[in-house]
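S.K.: One structure coming up, written as structure tokens, with questions to follow.
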Amino acid sequence: MKAVRDAVPIDAVVSEYLQLRNAGGGNLKGLCPFHDEKSPSFHVSPAKGLYHCFGCQEGGDVVDFIMKLDHLSFAETIERLASQAGITLRYEEGGYAPGRQQGERTRLVEAHKIAAQYYTEQLDSPEAEIGRKFLADRGFDQAAAQHFGVGYSPAGWDHLTRFLRGRGFSDQELILSGLSQDGRRGPIDRFRGRLMWPIRDIAGEVVGFGARKLRDDDNGPKYLNTPETPLYRKSQVLYGIDLAKKEIAKTNRAVVVEGYTDVMACHLAGVRTAIATCGTSFGEGHIKILRRLLMDNSGSEVVFTFDGDAAGQKAALRAFEDDQKFAAQTSIAITPGGMDPCDLRLAQGDAAVAGLVESRTPLFEFALRQVVARHNLDTTVGRAAALDEAAPIVANIKNSSIQHESAVQLAGMLGILDTQFVVRRVGQLARWARERGRDGQDPSRTGRRAGPQAPEAAQAPAGPRGPALNLRSPAHRVERELLKLALQRPDLVSPAFDAYGADEFTAPPYATVRRCIEDAGGALSAGGDNTYLARVREAAPDDTVRAMVTELAVEPLHTRRDPDEAYAGVQLVAVRLAAVNRRVTEIRGALQRLGPNADPQHLAAVQNELWVLQQYGQSLRERGYAAL
């Protein structure tokens with residue numbers, strides 16, 4: 001299993017799910033995929049193969065990351081990583097038989113991969129002429145179809161089902177995957193006689209399909225999607241995200257369109273950040289995907305494209321309801337004449353599609369105009385009602401300068417001459433919203449971070465992880481730094497560190513980590529062995545301690561330059577000197593308790609120990625590392 005872990009770099013895997021940026025010291029950081037946050041506290045250490053979030057305390061290696069994020073078993077995770085690395089696994093108790101022994105999710109992914117290949121091959125068949133014509137009529141040639149993996153499902157009852165049976169898949173697996181469904185005499189194909197779009201997750205694996213009706217005698221819906229399965233959750237997938245994710249991260253912009261052909265049209269027109277939902281409205285799960293890719297900074301943008309008809313306007317207003325869940329700016333691009341991006345590209349060419357995105361307007365401005373238009377502004381009552389409904393929209397604008405300008409603009413739209421009245425009303429609503437946030441409502445809606453501001457402020461996790469650590473205490477801070485060095489740069493602190501006892505670490509969690517290092521063979525045993533950290537983590541008595549080890553192994557050191565022996569020596573001396581001073585204080589207390597009637601021999605032994613410790617402490621202060 002170690003070969004699989006080492007073969008797939010953790011930063012390469014994590015980058016498939018979120019954008020990572022340089023965090024210094026060889027580490028990377030991004031928005032945590034395990035909890036909502038506004039500022040990145042999720043750190044990845046490529047050199048150590050570990051990750052840790054200083055906000056929610058999740059951490060581990062590449063296997064832990066995949067298991068937790070994609071809800072896979074250990075075996076399924078190893079199988080996926082081995083497949084990515086081109087490593088052939090051997091299964092115990094029966095030899096090499098992946099068809100029988102692979103995990104459920106791995107089997108379903110493999111079935112979808114084979115199905116996608118099968119459908120693309122069928123697009124070249126005589127029967128699929130109707131599908132090829134559909135694509136051509138919409139401006140998509142063979143190269144475009146291949147780029148997006150578009151295929152065709154034969155019109156027979158069980159062509160794919162029989163094909164996948166021949167590849168070793170059971171009827172139960174085919175039905176569970178959503179590729180087949182129960183028929184009168186057994187499983188039959190779910191998709192028949194349709195144009196097929198493979199839907200991939202952010203890692204690029206096919207997890208479902210979108211199928212477009214082609215024939216009038218097809219009584220099914222215009223678009224038929226894969227049902228909810230262990231792989232496919234329509235509220236958590238975005239069509240085209242596998243192709244768009246790098247460009248989204250690079251440009252800090254995502255363009256949300258409404259259909260598969262719209263995504264194709266946008267990408268072919270140069271708008272390679274286009275993605276679409278799959279048979280459902282844009283919602284919470286989709287927002288989380290985009291926030292991780294955009295790093296959720298105020299300089300990023302999400303552009304929604306909708307038709308200008310009533311349905312499109314309604315969809316835009318639904319999107320605006322989620323505006324405050326983004327730190328990114330949200331905009332809307334209304335397609336002219338009710339055309340979607342695919343129609344626009346056909347009618348006016350690629351430049352028109354790119355121009356559509358550039359012609360966007362802020363989503364809050366669109367929502368504002370829609371709200372105002374519902375009221376009769378010729379009457380005092382109508383203007384007051386419009387202000388009551390529109391003012392909260394302006395108050396929710398995140399940028400304070402834009403908020404003020406929009407309040408002035410709202411006054412003009414309503415025909416209210418007292419502009420300052422509207423500005424004060426909006427400001428009051430904004431203050432109330434902030435106060436509600438401070439009183440315990442979701443702080444993410446007021447822009448405040450939940451959790452620590454930086455790794456330096458990280459505290460020991462709550463619950464069974466032991467007492468909270470006061471990291472403002474110099475003793476705890478230096479103990480933490482020494483443990484970080486022992487895990488990250490053991491060459492700088494050994495062999496001296498291995499002579500330190502667990503009792504020299506006053507914070508109980510740190511004392512436990514010290515024992516883990518000892519149980520793993522000590523810092524000196526690290527040498528050039530890249531299994532050192534894995535041994536320390538394995539020595540942890542439980543997941544809580546293991547998480548602490550991961551956290552310390554990933555957290556940046558408190559030095560602006562590369563750590564060296566001098567820096568390590570300062571930490572070693574500080575921890576040892578603090579331990580000596582504590583012992584001196586204890587002995588002085590013991591002497592005071594002994595009193596004048598103490599046994600002379602015992603008194604002399606205690607006084608001698610005090611003298612030795614005082615001399616050692618003086619030597620540490622004067623000579624530093626050389627006195628250890």
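The values are calculated or read from the model by the stated rules, or taken from the named source; none is laboratory data. It should be emphasised that the depicted structure is a prediction, and the values quoted were computed from it without experimental measurement. Backbone-built Cβ (ideal geometry, glycine too); neighbour counts: all protein chains shown.
S.K.: When you scan segment 1-57, how many residues do you find that are in contact (Cβ under 8 Å) with a residue 12 or more places away in the chain and not in a loop (DSSP other than H, G, I, E, B)?
M.R.: 25
S.K.: So, one more: Quick check, is residue 263 more than 23 Å from residue 193 (Cα to Cα) and either buried (at least 24 other Cβ atoms within 10 Å of the Cβ) or in contact with a Cys (Cβ under 8 Å, 6 or more places away or on another chain) (or both)?
M.R.: So residue 263 does not fit the description; no.
S.K.: Let me ask something else. Which residue pairs have Cβ atoms under 6 Å apart, sit 6 or more places apart or on different chains, and have a first residue in segment 352-369 that is closer than 14 Å to residue 255 by Cβ and in the same structural domain as residue 387 (by TED's automatic domain parsing) and a second that is β-branched (Val, Ile, Thr) and at pLDDT below 85?
M.R.: Partner pairs satisfying both residue conditions: none exist.
S.K.: Looking at segment 262-288, which of its residues are small (Gly, Ala, Ser) and outside any loop (DSSP other than H, G, I, E, B)?
M.R.: 265, 274, 276, 285
S.K.: Let me ask something additional. Of the residues in segment 534-566, how many are touching a strand residue (DSSP E or B) at 6+ places or on another chain (Cβ under 7 Å) and not in a loop (DSSP other than H, G, I, E, B)?
M.R.: 5
S.K.: Another question, if that's okay. When you scan segment 197-235, how many residues do you find that are among the basic types (Lys, Arg) and within 19 Å of residue 72 (Cβ to Cβ)?
M.R.: Count: 2.
S.K.: What's the number of the condition residue 344 fails, among (1) buried (at least 19 other Cβ atoms within 10 Å of the Cβ); (2) modelled with pLDDT under 85; (3) out of contact with any Gly (no Cβ under 7 Å at 6 or more places or on another chain)?
M.R.: Every condition holds for residue 344 apart from (2).
S.K.: Is there a residue being in a helix (DSSP H, G or I), at pLDDT 90 or above, surrounded by 14 or more Cβ atoms within 10 Å (Cβ to Cβ) and not assigned by TED's automatic domain parsing to the domain that holds residue 434 anywhere in segment 375-390?
M.R.: Taking every residue of segment 375-390 in turn, none turns out to be in a helix (DSSP H, G or I), at pLDDT 90 or above, surrounded by 14 or more Cβ atoms within 10 Å (Cβ to Cβ) and not assigned by TED's automatic domain parsing to the domain that holds residue 434.
S.K.: Among the residues of segment 110-126, are any modelled with pLDDT under 95 and either assigned to a strand (DSSP E or B) or out of contact with any strand residue (DSSP E or B) (no Cβ under 6 Å at 6 or more places or on another chain) (or both)?
M.R.: yes
S.K.: Evaluate segment 398-411: report whether one residue or more is under 30 Å from residue 262 (Cβ atoms), charged (D, E, K, R) and in contact (Cβ under 8 Å) with a residue 12 or more places away in the chain.
M.R.: Yes, that holds for at least one residue.
S.K.: Identify all residues within segment 9-48 that are more than 17 Å from residue 294 (Cβ to Cβ) and in contact with an Asp or Glu (Cβ under 6 Å, 6 or more places away or on another chain); write none if there are none.
M.R.: 34, 44, 46
S.K.: So which of 259, 204, 220 ends up being in contact with a Phe, Trp or Tyr (Cβ under 9 Å, 6 or more places away or on another chain) and more than 21 Å from residue 328 (Cα to Cα)?
M.R.: On inspection, the qualifying residue turns out to be 259.
S.K.: Still on this model: Could you please give the count of residues in segment 525-576 that are β-branched (Val, Ile, Thr), farther than 23 Å from residue 40 by Cβ and modelled with pLDDT of 90 or more?
M.R.: 4
S.K.: Among the residues of segment 587-598, are any under 21 Å from residue 501 (Cβ atoms), assigned to a helix (DSSP H, G or I), touching a residue at least 24 places away in the same chain (Cβ under 8 Å) and not hydroxyl-bearing (Ser, Thr, Tyr)?
M.R.: yes
S.K.: Same structure again: Can you list the strands (runs of 3 or more DSSP E) lying wholly within segment 151-194 that have 3 or more residues being assigned by TED's automatic domain parsing to the domain that holds residue 212 and crowded, with 17+ Cβ neighbours inside 10 Å?
M.R.: 151-153, 186-189
S.K.: So, residue 215, is that one under 15 Å from residue 277 (Cβ atoms) and touching a helix residue (DSSP H, G or I) at 6+ places or on another chain (Cβ under 8 Å) or not?
M.R.: no
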